[in-house]
Structures are given as structure tokens and as C-alpha cells.
Amino acid sequence: MVWVYLSRLSGYNTIVKRIITHKFINLSAVFFIIVLSCAVLLLYNANNQPLSTSASATASQPLSTADPAPRVGIQIGHLDVDKLPGELSKLWWNFGAQVGNYTEIATVTKIAELAKQYLNDKGVMVDLLPATIPEGYEADCFVSIHADGNDYDYVSGYKVASSVFDTSSRSTKLAELIETAYQTSTKMDQDKNITTDMTEYYAFNFIKYQHAISASTPGVIIEVGYITNATDRKTIIKQPSLSARGISDGVLAFLDDQN
């Protein structure tokens, strides 16, 4: 291998050939060839030293090709409504449903925090968002969590609605998967009364408002149950982990479906 290395050095070959083809080879020429060969040999050894164990291990490891972690936006309904921008000033005093000491904000905050924890454990990045949505917010999906209220305390059930403004055509699928997972986890009844306040929720309406999710971000809104109903409260307030699990399981099913 050394002689192959030497033969590739054009300068070395030229010098040796001129000395050998000379009419006579004196002692000085021989000495010069020996010195030059030793120098080239040292250069060869220096350039072909094996890597250290640690360096070899690092070099042998392939570069990571893993996809970036999915991102999900979870909005806590009515949180900090008094800080909404002027374009949404009509909502400044809408603090959500309340009965006795139970408030919608406190109820959905607990559920949202638990859902975030469950999704984080599965490697999903979660942005917990207040009432104000960053302009043109983008994520793999967006879920706004609310709790319902009614003057008639017998009204109960959860409901999920998808954005009518979604240009990705994926919001309906997201709603279906969350709806199924939520029922499986909570065993609650479903309220079929879907309103335009849900399907045209301000956080979906990027056409009218700057502080809304982007056109391509699938978005849904879920009313986890009625805090005005004693049966619903047993789940959404006394066992918020069931609601959180249902929402997060639906989101995970959606993310899997997109891959």
C-alpha cells in the first residue's frame, strides 16, 4: 500500500526517474532517495491513522432522519377574554358558563392541561392557547375546549363541531375521531345540537379576523359537557382525566391517520 501511495505522487516519480536514468548513481543520489522515501512514508502513516474509538462510534451513527414532532394547538375557552384584540371586543365580557362555584374557564383549563400532558407523553408538542389566537396560527391541528351551560339543568351531553372555513378538508375527520374517542372515554351522551356559533367559531374565521388559525390548519371545537347538569359534572369536573383522555386519544388517532 505504501508503494501504491508513493507511485501516485507525481513529484516523487519524476525525481526518482531522473536519478535512475542518469548516467551514474552516486552516493548522494541514493541518500536523497532514502530520505525522500522516509518522508513520504511518514506522511502516509500520518494520513492513515485509525480514528479513535469515540470518533469512530460517532462517525458510524447515521444522521437522524426522524420527522419533526407534530404540533397541536389547544385553546382554553374564554381564558383571558378581556385581553382579546379590538377586532374581537364584542367578546370581552363573555367569561363562559357558570353555575354556583363551577366555572367554564376553571373546568376546561384542567382538562386542557391534562390533555397536554397526555399528548406530550406521546411526543406531541402542544401549545396551550388563551382566547387570543396568534395571527395565522399554524399547527397539525387545533382544538378549542369549552363547557356548555343551559337554563334547564336536565340538558346534557358533549358535542364536537368542525370548522367551515378549513381549506384542508381535514377538520371533519378530526371532529369524527375526537367525537368517537371522547364517547369511548367518558361514556357520556352526545348533544346533537350543533350551532353556527361552533362551526363558524371566531378562531376558525381567518377571513374576518386576523387572530385566527390559518386556512390550512384543521380546527374543531368541543363542548365537553354541561356544567349546569349534575351528571355531566361528575365527569368533566370530578373526573377531568376522562375528558382529557378522550380529546387526546382523538387527536392522536387523527395524527396517525395523516401519516
Original post:
Taking the Cα centre of each part, how many Å lie between region 238-259 and region 171-228?
Top reply: 13 Å
Subject >> P(r) tail fraction, region 111-259 - alpha-carbon pairs more than 23 Å apart, % >> reply: 32 percent
Original post:
If we count every other residue with Cβ under 9 angstrom of residue 146's Cβ, Lys/Arg +1 and Asp/Glu -1, where does the sum land?
Top reply: -3
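Excluding residue 92 itself, what net charge comes from residues whose Cβ is under 9 Å from its Cβ, given Lys and Arg +1 and Asp and Glu -1? Mind dumping the intermediate values first?
On the way: positive: 83, 90; negative: 82.
Around residue 92, the surrounding residues sum to +1.
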**OP:** Could you work out the local net charge near residue 251, counting Lys and Arg as +1, Asp and Glu as -1, over the other residues with Cβ closer than 14 Å to its Cβ?
**Re:** -2
Original post:
Is the shape of region 152-218 rounded, prolate or oblate, going by the alpha carbon gyration tensor and its root eigenvalues a ≥ b ≥ c, with a/c under 1.5 for rounded and a/b larger than b/c for prolate?
Top reply: oblate
**OP:** Determine which aspartates and glutamates satisfy two conditions relative to residue 116: a Cα distance under 12 Å, and not lying fewer than 8 residues away in the same chain.
**Re:** 127, 249
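Evaluated at 37 °C with a viscosity of 0.692 mPa s, what Stokes-Einstein diffusion coefficient in µm²/s does region 56-191 have when Rh comes from the Kirkwood expression over alpha-carbon pairs? Walk me through the intermediate numbers first.
On the way: Rh = 17.4 Å.
Roughly 189 µm²/s, to the nearest whole number.
Readers should treat all values here as calculations from the given coordinates under stated rules, not as data from a laboratory. Keep in mind that this is a model prediction, so the values were computed, not measured. Ideal geometry is used to build each Cβ from the backbone, glycine not excepted, and the neighbour counts take in all protein chains shown.
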